[in-house]
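The values are calculated or read from the model by the stated rules, or taken from the named source; none is laboratory data. As the structure is a prediction and not an experimental result, all values here were calculated from the model. Counting neighbours? That spans all protein chains shown, and the Cβs are built from the backbone with ideal geometry, glycine included. Note: areas computed on protein heavy atoms with side chains; ligands, DNA, RNA excluded. Shrake-Rupley method; radii C 1.70, N 1.55, O 1.52, S 1.80 Å.
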Amino acid sequence: MAPQLKIAAIQAEPAWNDLEGGVTKSISLIEQAAKEGANVVGFPEVFIPGYPWSIWAKSPTDNAAFMDEYFRNSLEKDSEEMRRICAAVKEAGVFVVLGYSERYRGTLYIAQSFIDENGVIVHHRRKIKPTHVERAYWGDGQGESLQSVVPSTTFPSVKVGGLNCWEHTQTLLRYYEYEQDVDLHVASWPPLWPFPTTKDGAPLPDWPGHITDDISLTFSQILALEGACFVMVCTQVVSEESKKRCRIDEFPYSTSTAESGGGFSMIYSPFGQELVKRLPPGQEGILYADVDLSEKFKAKQNLDTVGHYCRPDQLSLRVNKYPARPVHYAAAP
């Protein structure tokens, strides 16, 4: 019998550039989801300390002080703050995929930690290629970050996956996740808005049309269909009063639409169906769905992209899962 679980996709506003506030809010959301009976909880991308859209709105020099503050409020994986989160996960008895800006030595990484029901980080990965201007602030994930699926502890037969934002556009990365036999996928995203317009209602010139909420949902839905898995789309919200704090109060992308807020959370079935009603884009909340994993096998009877519907003799994927290192030591003579 395939397991039946309750999954939770978070749509919430971060504590902007506030590490302590972010830890406290993350713990509160984990506790809230557990009280509602959730077994697996997904967080947005870099929920701690929030996604800095200011890097798109301001120049690097104008943004220097803000991003220094951001660096100092990013979360270290091996830290007292993370131990508090893990303790809360253990107390709640849930499986959590936590998205955060990881501070490691002098570099930031867009990270996801997979924390099991015992409060143990059973896997840790970093976005393998930060998107566009993100590359000025975050480093690349290495080979170990290609693994994106791990089993739950309470339900060992349930495999939980996760990717960050535009990793969902990486065709080969998605395909490798399917080969890892994902059941439940956490799609972690920042706040995103509809296509921006000018004051007279015309489309904003030169804005890339694939950076919108609907297109991001489409990429997430594709993963559900191709992977025959449940997908939890988890997104951030930016309140009107926070836009100045985030230095995007004059950024047309976040201000030119009435659909303010940036949230677009959703849960998809292995057939790509919407299982919940979408929250208003400015509203915080947690979306829940009771899922029966036997639906995955029904979907795979029709479409198994790494099984009966693939041709490995003609097309296959080569994976280097080993991390590159900046220093290599010669063997002793």
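What pairs can you find where one residue is in the stretch 210-226 and over 18 Å from Gln11 (Cα atoms), the other is open to solvent by less than 10 Å² (accessible area, probe 1.4 Å) and among the polar types (S, T, N, Q), and their Cβ atoms are less than 9 Å apart, with a gap of 6+ or different chains? Sorted first by the residue in the stretch 210-226, then by its partner, the pairs are His210/Ser216; Ala224/Ser269.
In the stretch 7-18, the residues that are closer than 24 Å to Asp292 by Cβ and open to solvent by 10 Å² or more (accessible area, probe 1.4 Å) form no Cβ pair under 8 Å with any partner that is of a type outside the set (A, V, I, L, M, F, W, C) and part of a strand (DSSP E or B), whether six or more places apart or across chains. Hey, among Lys58, Lys77, Lys35, which residue is basic (Lys, Arg) and closer than 25 Å to His123 by Cβ? When all the criteria are applied, what remains is Lys77. Number of residues in the stretch 127-158 that are within 20 Å of Val40 (Cα to Cα) and of a type outside the set (A, V, I, L, M, F, W, C) equals 8. Taking the listed residues Ile48, Ile10, Ile55, the one that is of a type in the set (Val, Ile, Thr) and farther than 21 Å from Gly282 by Cα is Ile55, with no other qualifying.
Take Asn63 and decide whether it is open to solvent by less than 60 Å² (accessible area, probe 1.4 Å) and in contact with a Gly (Cβ under 9 Å, 6 or more places away or on another chain). Answer is no for this residue. A search for C-beta distances below 9 Å between a residue of the stretch 91-106 that is within 15 Å of Asn118 (Cα to Cα) and among the small types (Gly, Ala, Ser) and any residue that is open to solvent by less than 10 Å² (accessible area, probe 1.4 Å) and assigned to a loop (DSSP other than H, G, I, E, B), counting only pairs 6+ apart in sequence or on different chains, returns Ala92/Ala38. Of the helices (runs of 4 or more DSSP H) lying entirely inside the stretch 25-107, those containing at least 2 residues that are over 19 Å from Val238 (Cα atoms) and in contact with a helix residue (DSSP H, G or I) (Cβ under 7 Å, 6 or more places away or on another chain) are 80-92. Scanning the stretch 100-135 for residues that are open to solvent by 10 Å² or more (accessible area, probe 1.4 Å), within 23 Å of Leu223 (Cβ to Cβ), out of contact with any Gly (no Cβ under 6 Å at 6 or more places or on another chain) and among the aliphatic types (A, V, I, L, M) gives a single hit, Val122. Residues in the stretch 251-274 that are at pLDDT 90 or above and part of a loop (DSSP other than H, G, I, E, B): Phe251, Gly261, Gly262, Gly263, Phe264, Ser265, Ser269, Pro270, Phe271, Gly272, Gln273. Restricting the search to the stretch 40-60, which residues are under 19 Å from Arg103 (Cβ atoms) and either crowded, with 24+ Cβ neighbours inside 10 Å or of a type in the set (S, T, N, Q) (or both)? Within the stretch 40-60, Phe43, Pro44, Glu45, Val46, Phe47, Ile48, Pro49, Gly50, Tyr51, Pro52, Ser54 qualify.
Looking only at the stretch 284-307, residues that are part of a loop (DSSP other than H, G, I, E, B) and touching a residue at least 60 places away in the same chain (Cβ under 8 Å) come to 6 in all.
The residues in the stretch 259-278 that are among the hydrophobic types (A, V, I, L, M, F, W, C) and open to solvent by less than 30 Å² (accessible area, probe 1.4 Å) can be counted, and the count is 4. Among the residues of the stretch 150-158, some residue qualifies, meaning at least one is under 24 Å from Asn320 (Cβ atoms) and out of contact with any Phe, Trp or Tyr (no Cβ under 6 Å at 6 or more places or on another chain). Residues of the stretch 84-99 that are closer than 23 Å to Gln147 by Cα and open to solvent by 10 Å² or more (accessible area, probe 1.4 Å): Cys86 alone.
When the criteria are applied in full, Pro281 meets the requirement of being in contact (Cβ under 8 Å) with a residue 40 or more places away in the chain, buried (at least 18 other Cβ atoms within 10 Å of the Cβ), under 30 Å from Trp16 (Cβ atoms) and under 21 Å from the mean Cα position of the chain (by Cα).
Looking only at the stretch 252-275, count how many residues are within 23 Å of Gly161 (Cα to Cα) and touching a residue at least 60 places away in the same chain (Cβ under 8 Å).
Within the stretch 252-275, residues that are within 23 Å of Gly161 (Cα to Cα) and touching a residue at least 60 places away in the same chain (Cβ under 8 Å) number 5.
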